[in-house]
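As structure tokens, the structure follows; a few thoughts come after it.
The values are calculated or read from the model by the stated rules, or taken from the named source; none is laboratory data. Values in this document were obtained by computation on a predicted structure and should not be read as measured data. So basically every Cβ, Gly included, is an ideal-geometry build from the backbone, and we count neighbours across all protein chains shown. These area figures cover heavy atoms from the full protein model, side chains too; ligands, DNA and RNA do not enter into them. Shrake-Rupley method; radii C 1.70, N 1.55, O 1.52, S 1.80 Å.
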Amino acid sequence: MRIGTALAALCLVAVPAFVKAQAPAADRAAHLQILVLTVGPGDQVWERFGHDAIWIRDTVLKTDAIYNYGMFDFADPGFIRRFALGIPRYSIGVDSSIDNTLAIYRYEHRNVDVQELNLTPAQRIDLATRLEINIRPENRYYIYNYFLDNCSTRVRDMLDVVLGGALRHATVGKPAAGTLRFHTLRSMASDKLLYLGIDLALGPPVDEPLDQWGEMFLPAKVHDRIGELQVPAVDGGTEPLVSRQRQLLTANVYTVLPAPPEWGGTFLAIGTVLALLIGAGVRRDGLGTFGRAVAVVWLLVAGVAGVILLLFWFATRHVATAGNHNLLFLDPLALLLIPAFWSRGAPAAIRRYAGIAVATAALLVVGVLLALVPAVGVQRNLDAAELLVLPMVAAVAVGALRPSRKCC
């Protein structure tokens, strides 16, 4: 959710000119325009959710300041390590040219909408001052969170402060169109492997009920909510916060689905095919050898994936991955089942494998029950169950036959 390394370089060059040449507050407010830019999804993974920015235009000095939260650079020392641990350091940047900003989005084939806000002079000065303070080196950096503290929520929060809490008041407690998982998956549907990986990695926290305030982790939702907001008018009534809006760039190249795709049947079909291939491992011919090889690969992948899910939960600050029920399907115990495929049938090996197999089967049963009744388990992972359960059952069953044999 950022606008590219090229814009990051531009954003960190300089504070806009009007910061250096301050006019008296009353005079300055009279010629400040406050606008919100909403950028559509792009091609890169981090662009799939879109982006938004606050644009302050001085109509007298003819200067622009486009404030962008959610800036990052892969080349920053320790960025990858901090990202893996769930504590990535992002920043706010400012670009002094709207033409440069639009040129980048035009190159990336992304839509750009602009909304001009109907703020009082005091609110305009307040917002400009807060942003100028925020861009200072000592204030620029912050710990990024994809759902709770990103480019969009920072814009939301900044606007809410200058509006005296009106945006929060209008959206807190009002049901959203979907959960965090719902919005994440519909945004990632264009990349099927990434979609699957993210779906498996996210735990119950992203399936909790979401209100419109929390839903504004998406730039498009900030656009919608401020477009609906009414604010006090000079005559004592109310008027729209957005005085006018238009589209600056129209590309319509990248889109986001209105809802996640229904891939449960496809996942079940894939899981069934894998289970049949693994089940062939009971045979004594070449097909059986292939089936056992598939079983070993499956157990290895499932076990390693389970270890990764555990690390996400206990060793990082990726709070959205905590308590993941997919650990019941991607069980680290799977790694301990692999030696059974080379066992010579020793009684100790048989007993050891049987205990691990029973534990694995019990976890699978619990996982399936929770997936079938998401109201109890909270996490919505029936698709994961349809993909993962049958291959795991087949691998455990084929492995159970190996220790009883006298040769490999």
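Listed values, structure above:
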item	result
Theoretical gain in end-to-end length, I87 to A362 [0.36 nm per residue, Cα-Cα removed]	95.5 nm
Cα-based convex hull, region 349-388, per residue volume (Å³, whole number)	58
Potential lengthening between F290 and D235 on full extension [0.36 nm per residue; Cα-Cα distance subtracted]	11.9 nm
Candidate residues D126, D99: accessible-area rank, largest first, probe 1.4 Å	D99, D126
Rounded to whole Hz, the Karplus (6.51, -1.76, 1.60) HN-Hα couplings of region 133-138, x for glycine and proline	5, 5, 7, 4, x, 6
Rough spin-label spacing in nm, given labels placed 7 Å along Cα→Cβ, for T120 and D157	2.5
Calculated log₁₀ intensity ratio I(q)/I(0) where the Debye formula runs over C-alpha points of region 240-398, q = 0.10, 0.15, 0.17, 0.18 Å⁻¹	-0.48, -0.87, -1.04, -1.13
Surface/4 estimate of mean projected area, convex hull on alpha-carbon atoms of region 46-202, nm²	11.4
Dimensionless Rg/Rh of region 204-243 - Kirkwood Rh, Rg from C-alpha atoms	1.19
Expected-Rg normalisation [2.2 N^0.38 Å, Cα atoms] applied to region 143-225	1.14
Helix axis angle, 151-162 relative to the chain longest principal axis, alpha carbon, degrees	40
Surface accessible to a 1.4 Å probe, D95 within the full protein complex, Å²	0
Gain in span if fully extended, V297 to A315, counting 0.36 nm per residue against the direct Cα distance	3.9 nm
Whole-Å semi-axes of the ellipsoid equivalent to region 199-299 (Cα gyration tensor, √5λ, descending)	55, 16, 9
The chain - convex hull of alpha carbons, volume per residue in Å³	152
Whole-number percent relative contact order across the chain, with pairs defined as alpha carbons under 8 Å at least 6 apart	16
Computed E for L193/D224 - FRET, C-beta separation, R0 22 angstrom, nearest 0.05	0.15
Two-site FRET efficiency, R351 against I143, from Cβ-Cβ distance with R₀ of 60 Å, rounded to 0.05	0.80
Computed over region 157-239: relative contact order in percent, which uses C-alpha pairs under 8 Å that are six or more apart	35
Note, ³J(HN,Hα) from phi for region 375-380, Karplus 6.51, -1.76, 1.60, rounded to Hz, x at Gly and Pro	5, 8, x, 6, 6, 9
Spatial separation of Cα centroids for region 164-199 and region 300-346, in angstrom	28
Isotropic mean projected area of the C-alpha convex hull, region 183-254 (nm²)	7.2
³J(HN,Hα), Karplus 6.51/-1.76/1.60, whole Hz, each residue of region 106-123, x for Gly, Pro	5, 5, 7, 6, 10, 6, 9, 10, 10, 10, 8, 9, 8, 9, 6, x, 5, 5
